[in-house]
Structure formats: structure tokens, C-alpha cells
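The values are calculated or read from the model by the stated rules, or taken from the named source; none is laboratory data. Bear in mind that the values here come from a model prediction, so they are computed numbers and not experimental data. Here Cβ is always computed from backbone atoms with ideal geometry, including for glycine, and neighbour counts include all displayed protein chains.
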Amino acid sequence: MAVSIWRFLANGWVERFFVEPRFFFKYWGFAWVEPLSASGMHVLVVALGILALCIAVGVAFRASALLFAAGFSYLQLIDVSNYLNHYYLAALLAWLLLLSPAGRSWSVDAEIRRRWSRGGAPSSEWVAAVWLYLFRLQIALVYAFAAVAKLQPDWLIHAQPLRIWLAASAELPLLGPVLALPGTPLLMSWLGFLFDATIVLWLSWSRTRLYAYAVLIAFHALTRALFPIGMFPVIMALSALVFFAPGWPRTLASHLGWRMAPAAAPALSPTARASVRSKVALALVASYCAIQLALPLRFLAYGGDVLWHEQGMRFSWRVMVRAKGGSTTFVVKNRRTGRVWYVAPSAYLTALQESEMASQPDLILQLAHHIREDVERRGLGPAEIRVDSRVSLNGRRGSPLIDPATDLATVSDGLARQPWILPAPPTSAPHTRVSL
């Protein structure tokens, strides 16, 4: 995450994401979250980079983890159009690290405690096994639900959207001619599905763990080389180390000839595990796991194609299963005079925001409400807001996404199924070939 923060600063993303926009899309229930001033956002991002390094080396671990988790979560809540799966994962891992005893060993804090403790006796480096399984479960869910997302015809039959993306990489040296072969997209689609569906099993078995991890590194290196997916491959490759035996760092150190003191034995009373505190902690862990299982499955309550209507799309680990784009024009009508005019999203949004908004119905609704408020504030209302929106999903021809007869100014956002979102087009994704 320290590297991610450096990339934010080096690429000018603080200005692009948090300073240049004049309007910010809100998460449901978090409309009150607003960005700081330009200087405030820069200070926040720099502070997050410092805090990430403090967590990594274990300096004031609890305080650093708390400030980082809160600050990074706030950063992600400012604008929905900035949502990325790996930033969501990073936020979850940050909160888990805060609550975990991860700073108990191999940290600056632990060394300070050892030196200042009476007699120099090291504190216990043992932790409850539930923390190991909780982190493993969190990473396993990412792969499992990524596999579930690929269980659909676009991916397994038509090799979409890989056909679209690989066509853009046909000019690469060495790999380009292979990627341009007609069967490559379908082969890679199936390999990607099988990888997501089975990698946790291979990592969990000691006999195959090293080989599985080598495959994992190769897989994520390839995806990083072919697709612009940022830090996601790095985060997943490093997080997968949690599937190794918990003592693997000591084993590696011994192979390298480093001498390390043995971990002190835990000092637990027979009744410690049955304490009220332990029961409450286990209840919270169970609740967290239930939420992480339920969130990716909530799309089932909406029916239809989640890649089209987007309800249940976020927080579901649907990684790289859609190529979606479109165009949206807002039609404004004065209810009193009947005057009609058209508004382009670019009048309110940055290019990145407009690209994200064009295919996400809840963002279209938010902008419609903002346009109505702006029109009426300038004395041009009362206004009706309708939308002419056409979207292409995984290479299909553009189809209407929003009911053009619905006045979005009268529609309220919420968690219920939205009837103003039109059904997905019945056509299949095109099964095209890349010409040489």
C-alpha cells in the first residue's frame, strides 16, 4: 500500500480523482462524505503512505493501523467512480490488521517491549489460530467469487471480454502472435476460470503449495503485463503467502543461516478460551464472515444479468468479467413552459467519471438528481430529467439501459430492485476472431 500511495502521488491521481471533479458520486448511505481541500487531500495521501510503512515495520502498530484503515476507507468513500476491487480488499485487510495481533512479533514495537521488559524476557509471539484462518478465508473468497463470476456463457463459451482485450495486445513482441491465434482467448478464459476455482485448494495442500504459488506468481505477472489492473496482482500475490505454514518465515530464515530466538510459549490459563471476551470475539468473526459471504451473493435477489443492471456488482469480486461502455445524454424539460434541452454529462463530470457513469445506472440516477437541482437553482425549473442511454456489454451492439419514459427526477435511489433499468439485451456476446 505504501507503493500504491506513491503511485497516487507520482501519477497525479490526487488531483485527478479528488481535486479536479466538481461533482462526486456517493455510496448509498454515505452522501455526507466530502473531500478535503486540495492541500488537505495531498496531506492525507502522504500521511497514508507514511502510515503504511509504519504498519509494515511495526511502529506504533495499533495507532498506525487505525489511522490508515480509517483514512484509506475515507479516501475510497469520496467518489464511487473510483471503486476498484483491490482497493476494497486493501481496506478490508487494513481493518483486519488493526484488530489482529500482527504487530506482536518481528516489529519495532515488539523489540522495544523486549528491551524495556524486566529481565529482557520476550513477550509471547503466539496468537489465536482464528486469525490465520480469517485472513485465509478473506483471500480465498476473492478467488472463489471470481470463479463464480466466470460461470456464465460470455466467459466460458464466447471468451468475452478477453477477446476484446487480447485483440488490443496483438502487437506485443513474442506474445502478440500467440494472443492473436483464434483459440487463445477461449483457452485463456478457461485457464483463468480453473485457476480461480482451484488455486486455494492447491495452496492449502502442503505437497502442492510451492508449485501452486509459482503458478500464482506467473498468473498474476501475466495479467499485470497484459491488462491495466494496477496493484491488484501484487496485492494478491503477497496476500497468498498467508496460506503457507505460519512458521514459514522462521524456516526460511534458518535456511538462510539467520539465527533466531525460539518463540516464547503461550501463557494461557485453561479457562482463557472460554472467557466472555473470546466468545464475543468469535461472534464478531462469524458475523464478519457471514457478511463477506452474503455481499457477493446479493445479486441473486435482483435477478437478471448483474453485469448489465449492476445491482449487486460492487463488493462481489467480479474481476475482469465485463467490457462495458456507452453514451448517455440527459433530456431536461421545464414542466411549466414545456421547453426541452439536452445536457451532456461532460458539463458536470471529468472524462473518467463520465466513462464510469455511462454504464452504471445508480450513477446515472445520481447525476440526474444533480442536474435537476442545478437547473432549478438557476431558475430554469421545475425540471423533468429523462435519459437517452445506450450501452454495449462484452462486444454486443449498444442497447438502451434506462427507460427513456421515466422521469429520473422523481426516482429515489435504494437497495430495492429498480424497474427503470431495462432488461439486458437477449443477444449473445459476439464470438469473433482476431484477424492478422
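Taking region 98-115 as the range and being in a helix (DSSP H, G or I) and either surrounded by 17 or more Cβ atoms within 10 Å (Cβ to Cβ) or modelled with pLDDT under 90 (or both) as the test, the residues that pass are 98, 99, 102, 103, 104, 109, 110, 111, 112, 113, 114, 115. Of all residue pairs spaced 6 or more apart or on separate chains, those with beta-carbon atoms under 9 Å, a first member in region 369-387 that is of a type in the set (Gly, Ala, Ser) and a second member that is part of a strand (DSSP E or B) are 381/332; 381/334; 383/332; 383/333; 383/334. Within region 62-91, if we keep just the residues that are buried (at least 18 other Cβ atoms within 10 Å of the Cβ), touching a residue at least 60 places away in the same chain (Cβ under 8 Å) and of a type in the set (A, V, I, L, M, F, W, C), the residue that is farthest from residue 229 (Cα to Cα) turns out to be 68. Within region 230-245, can one find any residue that is over 19 Å from residue 137 (Cα atoms) and not assigned by TED's automatic domain parsing to the domain that holds residue 86? Yes, there is a match, as at least one residue in region 230-245 is over 19 Å from residue 137 (Cα atoms) and not assigned by TED's automatic domain parsing to the domain that holds residue 86. Residue 136 meets the stated requirement of being closer than 18 Å to residue 86 by Cα, touching a residue at least 24 places away in the same chain (Cβ under 8 Å) and of a type in the set (D, E, K, R). Residues that are polar (S, T, N, Q), touching a helix residue (DSSP H, G or I) at 6+ places or on another chain (Cβ under 7 Å), under 24 Å from residue 428 (Cβ atoms) and at pLDDT 95 or above occur at least once in region 178-197.
Let's see how each residue does on (1) of a type in the set (A, V, I, L, M); (2) touching a strand residue (DSSP E or B) at 6+ places or on another chain (Cβ under 6 Å); (3) loosely packed, with under 15 Cβ neighbours inside 10 Å:
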residue	(1), (2), (3)
31	yes, no, yes
39	no, no, yes
44	yes, no, no
48	yes, no, no
57	yes, no, yes
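Being at pLDDT 90 or above, aliphatic (A, V, I, L, M) and surrounded by 21 or more Cβ atoms within 10 Å (Cβ to Cβ) is a property that holds for residue 393. Restricting attention to region 314-342, the residues that are β-branched (Val, Ile, Thr), crowded, with 17+ Cβ neighbours inside 10 Å and in a loop (DSSP other than H, G, I, E, B) add up to 2. When region 153-164 is filtered for residues that are crowded, with 17+ Cβ neighbours inside 10 Å and either on the phi < 0 side of the Ramachandran plot or not hydrophobic (A, V, I, L, M, F, W, C) (or both), the ones remaining, listed by number, are 154, 155, 158, 160, 161, 162, 163, 164.
The single residue among 338, 325 that is farther than 28 Å from residue 425 by Cα and either in contact with a Gly (Cβ under 6 Å, 6 or more places away or on another chain) or of a type outside the set (D, E, K, R) (or both) turns out to be 338. The conditions of being buried (at least 17 other Cβ atoms within 10 Å of the Cβ) and part of a helix (DSSP H, G or I) are not met by residue 311. For region 370-398, the set of residues classified as more than 27 Å from the chain's Cα centre (by Cα) and either part of a strand (DSSP E or B) or in the same structural domain as residue 305 (by TED's automatic domain parsing) (or both) consists of 383, 384, 385, 386, 387, 388, listed by residue number.
Might you check whether a residue that is surrounded by 20 or more Cβ atoms within 10 Å (Cβ to Cβ), part of a strand (DSSP E or B) and modelled with pLDDT of 95 or more occurs anywhere in region 404-426? Looking through region 404-426, at least one residue is surrounded by 20 or more Cβ atoms within 10 Å (Cβ to Cβ), part of a strand (DSSP E or B) and modelled with pLDDT of 95 or more. Is it the case that region 298-305 has a residue that's under 25 Å from residue 384 (Cβ atoms), out of contact with any strand residue (DSSP E or B) (no Cβ under 6 Å at 6 or more places or on another chain) and either surrounded by fewer than 16 Cβ atoms within 10 Å (Cβ to Cβ) or of a type in the set (Asp, Glu) (or both)? No, every residue in region 298-305 fails to be under 25 Å from residue 384 (Cβ atoms), out of contact with any strand residue (DSSP E or B) (no Cβ under 6 Å at 6 or more places or on another chain) and either surrounded by fewer than 16 Cβ atoms within 10 Å (Cβ to Cβ) or of a type in the set (Asp, Glu) (or both). Here's a check for you: in region 323-361, which residue that is of a type in the set (D, E, K, R) and in contact (Cβ under 8 Å) with a residue 60 or more places away in the chain is farthest from residue 31 (Cα to Cα)? The extreme case among them is 324. Scanning region 136-171 for residues that are outside any helix (DSSP H, G or I) and among the acidic types (Asp, Glu) returns a single hit, 171.
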